[in-house]
Every structure is written in C-alpha cells, then in structure tokens.
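The values are calculated or read from the model by the stated rules, or taken from the named source; none is laboratory data. Predicted, not measured: the structure shown is a model, and the values here were computed from it. Cβ placement follows ideal geometry from the backbone for every residue including glycine, while neighbour counts extend to all protein chains displayed. Ligands, DNA and RNA are stripped out before the accessible areas are found, and what is left, the full protein with its side chains, is counted by its heavy atoms. Shrake-Rupley method; radii C 1.70, N 1.55, O 1.52, S 1.80 Å.
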Amino acid sequence: MSGKEGSGGFRKRKHDNFPHNQRREGKDVNSSSPVMLAFKLFQQELDARHDKYERLVKLSRDITVESKRTIFLLHRITSAPDMEEILTESEIKLDGVRQKILQVAQELSGEDMHQFHRAITTGLQEYVEAVSFQHFIKTRSLISMDEINKQLIFSTEENGKENKTPSSDAQDKQCGTWSLKLTPVDYLLGVADLTGELMRMCINSVGNGDIDTPFEVSQFLRQVYDGFSFIGNTGPYEVSKKLYTLKQSLAKVENACYALKVRGSEIPKHMLADVFSVKTEMIDQEEGIS
C-alpha cells in the first residue's frame, strides 16, 4: 500500500517539477519551422496519393462492371441467329472499357504501377477475361498477353479525340501517348476465370443442340489446364488457388462430352437442353454452388 502511494507520489512530484507554463508553451509550435514545413509537404503528398488510390478503385469498379456486361452479351451467341452482330456490339463495349483503362494509364503517369496495383487488379483481370472470351469465340484460340498490351496503347490527338495506335513505343507525354501493361499475374488470373465462362458456353451450346462446340472447348480447356499444371505451386498464391476451380470446369465439360459421345445418338437434339440443364444443376448442388 505504501509502495503504491510512494510510486504514485513520485509520479505526481515528477509532473509537478515540470512547470505548467512550459508545458503550455510546448504546444505552440512554430508553423514556419523547417520540420513543420517538411511534415506539411508529407501530408500533401500522402493526401494526393490516397485520393489517387480511391479514383483508381472507382475506375477499376467501372471496368469490372462493363467487362461483365460484355461477357453476358457474348453468352447470347450460343442462342442468337446473327453472331456477327453480337461480336460488333461486344467490340463497342470493349472500346468503352479501354477508355476507362486510358484514364487509369493517365492516373498512373509518372507513378510506380506496383504501388497502386491492388486498386486496379480486379478490373484488369475482368477485362482480360472479356477480351480472351471474345477472342476465343472468333478464333478458337487463346489471346496472348502481348496482344492485349498492344490494345492498351493510346494516343490523343490535338482535337482531344482518343485513338488506339498500333505503335509499341514507350510512353511519350509530349505526343500525348499513354500505355498500360498488364502484369503476368493479372493475365493468368483472367485466363483462369475464362475457363468458367467457357464451361457455361459449353453447357449452353449442348442445350441448344450444338454438338461441335463442347469438344472444341474441352480440347482447349485441357491445354489451359496442362499449362497451369506446369506452374503448380511455384507461382503466386492466387494463381495456384485458381487451379482447383479450373479443374472443376474441365470436369464438367468432359462429362458433357462423354455423355454426348456415349449417349448422343440416344438423346434427340431437342431434348438435350433438358438433360444437361438437370445434370448441371446436380453437379452444382454437389459442389455447394447453388
């Protein structure tokens, strides 16, 4: 008890030894001192960086939404009579997405992209998924990362109109040229998400009586899965985590192809939609998706 009182009294006497007037004067810091001026500059720099980060998050959200709408549009190809009309409309939507990416490139002008990568990676992955999905529908092949990066080189003319240029030169601010390069992780994650859309395209095609598309998708997904298997656990954690979902998509497509090969002659084309819609729902329920 006395020890506590002694220690408390010591603390009290210690504070009393520091004059009250000096403590008050300590709060009045000279705002024009070099230290305060330096910290004001730090404050302005941090505020500007935080504001830019928030603007990039909003742009990434817009890119994600518009890319998803493009993917939903492309899924209509399996049941639409005119495929070229939908591809033209999807290209218009992707041009709008690229204008958003141009704004991202302008925001990152003179900045280290990796400091803001977390703010924009979601949108870039969704864009890769949309572009690669459209490219697969056109060519039945996988678009490369270099081809995507070439589409993300922009130049602004004097009249303010933005146009894409095939030039692969470095960014030149004086000529009004901006570019944004995807990271390999963004590309791989976008391709991994593409496999889920191809699985849905396969099931929809079977339901509409298209027998050829499922086998083309199955062969393509097998090649993609083999490529991801080479990476394995040696790559980034996000990439290896996608491998399980990719394997599920491949299994669904191969099951559909197996059923078509074995029982295709037994099931009339007009009944394939009912058979595979029920089969897909059962698979999803077993995996806990629905």
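Could you calculate the FRET efficiency of residue 138 with residue 58 from 1/(1 + (r/R0)^6), where r is the beta carbon distance between them and R0 is 30 Å, rounded to 0.05? All intermediate terms of the calculation are to be shown ahead of the outcome.
On the way: r = 31 Å, r/R0 = 1.04.
The pair residue 138/residue 58 has a calculated efficiency of 0.45.
Going down the list 150/242; 52/93; 100/138; 52/181; 138/242; 68/242, which pairs span over 22 Å between their C-alpha atoms? Could you put the intermediate results ahead of the total?
Details: 150/242 26 Å; 52/93 25 Å; 100/138 24 Å; 52/181 19 Å; 138/242 25 Å; 68/242 19 Å.
Violating the 22 Å Cα-Cα cut-off are 150/242; 52/93; 100/138; 138/242.
What nm value, rounded to one decimal, do you get for the distance between residue 30 and residue 244 when each label is placed 7 Å out toward the C-beta?
With each label placed 7 Å out from Cα toward Cβ, I get 6.2 nm.
With labels modelled as points extended 7 Å from the Cα through the Cβ direction, what inter-label distance (nm, one decimal) is found for residue 42 paired with residue 212?
The two pseudo-label positions are separated by 6.6 nm.
In terms of solvent-accessible area of protein heavy atoms at a 1.4 angstrom probe, what is the ranking of 88, 234, highest value first? Don't jump to the answer; show the numbers that get you there.
Working: 88 80, 234 125 Å².
So, going from the largest accessible area down, we get 234, 88.
Considering only protein heavy atoms, with the full assembly of protein chains and a 1.4 angstrom probe, order 216, 84 by accessible area, largest first. It would help to have the intermediate numbers written out before the result.
On the way: 216 80, 84 110 Å².
Order by accessible area, largest first: 84, 216.
Would you mind getting me the FRET efficiency between residue 255 and residue 88? Use the beta-carbon distance for r and R0 = 30 Å, nearest 0.05.
Values: r = 34 Å, r/R0 = 1.13.
Between residue 255 and residue 88 the formula returns 0.30.
Enter the accessible area of residue 85 (Å², nearest 10), with the probe set to 1.4 Å and all protein chains included.
Number for this one is 120 Å².
Output the peptides 92-105, 32-45 sorted from most to least packed, where packing is the average of other Cβ atoms within 10 Å over each peptide's residues. Could the numbers behind the result be given before it?
Details: 92-105: 18.1, 32-45: 9.9.
Peptide ranking by packing, descending: 92-105, 32-45.
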